[in-house]
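Asker: Pasting a structure here, questions to come.
Derivation of every value follows stated rules applied to the coordinates shown; laboratory data play no part. As the structure is a prediction and not an experimental result, all values here were calculated from the model. A quick note on method: Cβ atoms are made from the backbone with ideal geometry, for glycine too, and the neighbour counts reach across all protein chains shown.
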Amino acid sequence: MFDWLVVGAGFAGSVLAERLASQRGEKVLVVDRRSHIGGNAFDWYDEAGILVHRYGPHIFHTNAEAIVTYLSQFTKWYPYEHRVLANVDGRLVPIPINLDTINRLYGLDLTSEEMEQFLAARRENVGEVRTAEDVVVGTVGRELYEKFFRGYTRKQWGVDPSQLSKSVTARVPTRTNRDDRYFADTFQSMPAGGYTRMFQRMLAHPNIKMMLQTDYREVRDVIPHRRLVYTGPIDEFFDFRLGKLPYRSLHFDHVTLDQPQFQPVAVVNYPQTEAFTRVTEYKHMTGQQHPRTSLTYEYPTDDGDPYYPVPRPENEALYKRYEALAAQQTDAVFVGRLATYRYYNMDQVIGQALAAFSRIQRTGARALPIIKGAAG
Ligand code: FAD
Ligand code: UDP
């Protein structure tokens, strides 16, 4: 008899399995329908021997010291600050938009104060900021919105930014200084041996058993367990009985080139004409030395694995109805990006899983239904 069945070996499932096994001495079975651990953060050495991320670029960044301390039990770190260029009007310029972006794009030599005036003259009064369009048009104006955000967002999400919640584009700041880092978090690093190695160490506890290529439905009635951690899509758990929650998917095209470098930074965004949204060259973020280089092109699509919950008011309303069903499940915990239908970064999912574990500890053996609260 297992104390817990954990569905999903991504961050949500692996953190909870590790905590339950190591801190409560409980017996845990982790199942994942994929053939590997790590969920979307899975990385591997491809045929050329280059460390690549199977599901697109994953950069670890957080302001939560407790999360760094937690993960540091399982990995050393390779310091890496993420920098992204956008291919706009045939030029490679920094994104998030900063002072150099404007100066290079328009052939200007503005100071920070002058850039502030430049933007003030262009930004539109959008009233209450509600949509992903409002955020950008209200900060940098329509022309820069069209160049950097409208096309990218339409490709990425399959809808116009005016149809998406403001949280989507609010992830990307605008700066009037020359800081060209993609993230401003206090801690930015990559797991030194890769994500998969880190997951292997998390799951190596003798109380944890793993079954890969195994769907929850195949085991739920045949393998006895007392309680459940579910990190898959919440609508699927309830057999879509209230309707399908939309998820956006991606097709990844992985290629290896016979040259040491392809582009100057790890990620180049393509907000204008191409069908793909971005190209990732992994060696920049892992520091690996290799005579060849491996890249991933991302093509957004509706079909395929569910990668992104789509932040729109009607989807959030449907999720709330599923959340109410989940709250009636007494011995199940729903955690993670898919089970709580939130566009969370890795550190937020880890924070959510650690918060779930604290609640389990506080309430003794009884699990609690939906776990809220994240790192930041
Ligand atoms: P997942 O990693 O999706 O894991 C859920 C697991 O459950 C999956 O392995 C799935 O196979 C399994 N599962 C589902 N249903 C079942 C079932 N019925 N039976 C068995 N198994 C099941 N975050 C960052 O912090 N930085 C980044 O740079 C970053 N980049 C990203 C880039 C892309 C392209 C994507 C898609 C996401 C990115 N993220 C990034 C977000 C990050 O991937 C997530 O926050 C994190 O991986 C979510 O972990 P999770 O455990 O909730 O879900
Ligand atoms: N975005 C954009 N142009 C860019 C970068 C981002 O329009 O060059 C928008 C787009 O809608 C994207 C969102 O901002 O989905 C959040 O960007 P982020 O890089 O955080 O996306 P993720 O890495 O989560 O896919």
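Asker: Sorted by average packing, counted as other Cβ atoms within 10 angstrom per residue and highest first, what order do 342-353, 239-250 take? All intermediate terms of the calculation are to be shown ahead of the outcome.
Answerer: Values: 342-353: 22.6, 239-250: 14.8.
Final packing ranking: 342-353, 239-250.
Asker: Can you grab the distance from the C-alpha centre of the range 298-361 to the C-alpha centre of the range 74-98, Å, no decimals?
Answerer: Answer, in whole Å: 28.
Asker: If you don't mind, there's one more thing I want to ask. I need S294, S22, S35 ordered by Cβ neighbour count within 10 Å, fewest first.
Answerer: Details: S294 24, S22 16, S35 8.
The most exposed by this proxy come first: S35, S22, S294.
Asker: Still on this model: Of the options A204, S167, Y307, report the single residue whose Cα projects farthest towards the positive end of the charge dipole of the chain (beta-carbon charges: Lys, Arg +1; Asp, Glu -1).
Answerer: A204
Asker: Something else now. Within the chain, count lysine pairs with alpha carbon atoms under 24 angstrom apart where the residues are 8 or more positions apart or belong to different chains.
Answerer: Lysine pairs meeting both conditions in the chain amount to 12.
Asker: May I pose another question? Sort out for me the Cα centre separation of the range 201-270 from the range 1-46, rounded to whole Å.
Answerer: Computed from Cα coordinates, the inter-centre distance equals 11 Å.
Asker: Take the range 1-110, compute every pairwise Cα distance, and split them into 5 Å bins from 0; I just need the percent in each bin.
Answerer: For the range 1-110, the binned pair fractions read 2, 9, 12, 15, 14, 13, 11, 8, 6, 4, 3, 2, 1, 0 percent.
Asker: Please state the equivalent ellipsoid semi-axes for the range 99-155: what are the square roots of 5 times the Cα gyration tensor eigenvalues, largest first, in whole Å?
Answerer: So the three semi-axes of the range 99-155 are 21, 15, 7 Å.
Asker: Starting from the Cα of R197, move 7 Å in the Cα-to-Cβ direction to define the label point; list residues of the range 71-98 whose amide nitrogen is under 15 Å from there.
Answerer: So the set is 72-80.
Asker: Where Rh is the Kirkwood radius over the Cα pairs of the range 48-88, the temperature 37 °C and the viscosity 0.692 mPa s, what D in µm²/s does Stokes-Einstein return? If you can, show how the numbers build up before the last one.
Answerer: Details: Rh = 13.1 Å.
The diffusion coefficient I find is 251 µm²/s.
Asker: Please list 36-44, 119-127 highest first by mean number of surrounding beta-carbon atoms within 10 Å per residue.
Answerer: Ranked from most to least packed, the peptides come out as 36-44, 119-127.
Asker: Rounded to the nearest 0.05, what FRET efficiency do Q261 and R154 have when you use their Cβ-Cβ distance and R0 = 35 Å?
Answerer: Plugging the Cβ-Cβ distance into 1/(1 + (r/R0)^6) gives 0.70.
Asker: Given Q329, A266, Y319, which one lies farthest toward the positive end of the charge dipole of the range 246-331, if we put +1 on the Cβ of every Lys and Arg and -1 on the Cβ of every Asp and Glu?
Answerer: The one lying farthest along the dipole's positive direction is A266.
Asker: Still on this structure, please answer the following. Suppose every Lys and Arg Cβ carries +1 and every Asp and Glu Cβ carries -1, with no other charges. What dipole size does the range 30-87 come out with about its Cα centre, to the nearest 20 debye?
Answerer: Result for the range 30-87 is approximately 100 debye, rounded to the nearest 20.
Asker: At q = 0.06, 0.11, 0.14 Å⁻¹, what is the log10 ratio I(q)/I(0) for the chain, with the Debye formula run over Cα points and no solvent?
Answerer: Result of the Debye calculation: -0.25, -0.82, -1.27.
Asker: Pull out the extension gain between H290 and L212, defined as 0.36 nm times the separation in residues minus the alpha carbon to alpha carbon distance; nm, one decimal. All intermediate terms of the calculation are to be shown ahead of the outcome.
Answerer: Working: separation 78, 0.36 × 78 = 28.08 nm, distance 3.12 nm.
Residue separation times 0.36 nm, minus the Cα-Cα distance, leaves 25.0 nm.
Asker: While we're on this one: Can you find, among A121, Q73, G138, the residue farthest towards the positive end of the dipole of the range 73-151? Put +1 on the C-beta of Lys and Arg, -1 on that of Asp and Glu.
Answerer: Of the listed residues, the answer is Q73.
Asker: Per-residue ellipticity at 222 nm for the chain, helices alone: DSSP H runs ≥ 4 residues times -39500 (n - 2.57), over residue total, nearest 500 deg cm²/dmol?
Answerer: Only helices count here, giving -8000 deg cm²/dmol.
Asker: Packing-wise, with mean Cβ within 10 Å as the measure, how do 80-87, 205-212 rank, highest first?
Answerer: My ranking of the peptides, most packed first, is 80-87, 205-212.
Asker: So how strong a dipole does the chain carry about its Cα centre when Lys and Arg Cβ are +1 and Asp and Glu Cβ are -1, to the nearest 20 debye?
Answerer: 1100 debye
Asker: Neighbour counts of other C-beta atoms within 10 Å: give me L338, L110 arranged from fewest to most.
Answerer: Numbers: L338 30, L110 16.
So the residues, fewest neighbours to most, are L110, L338.
Asker: If you don't mind, there's one more thing I want to ask. Take every DSSP beta bridge with both residues inside the chain and express the antiparallel ones as a percent of the total, to the nearest 5.
Answerer: 60 percent
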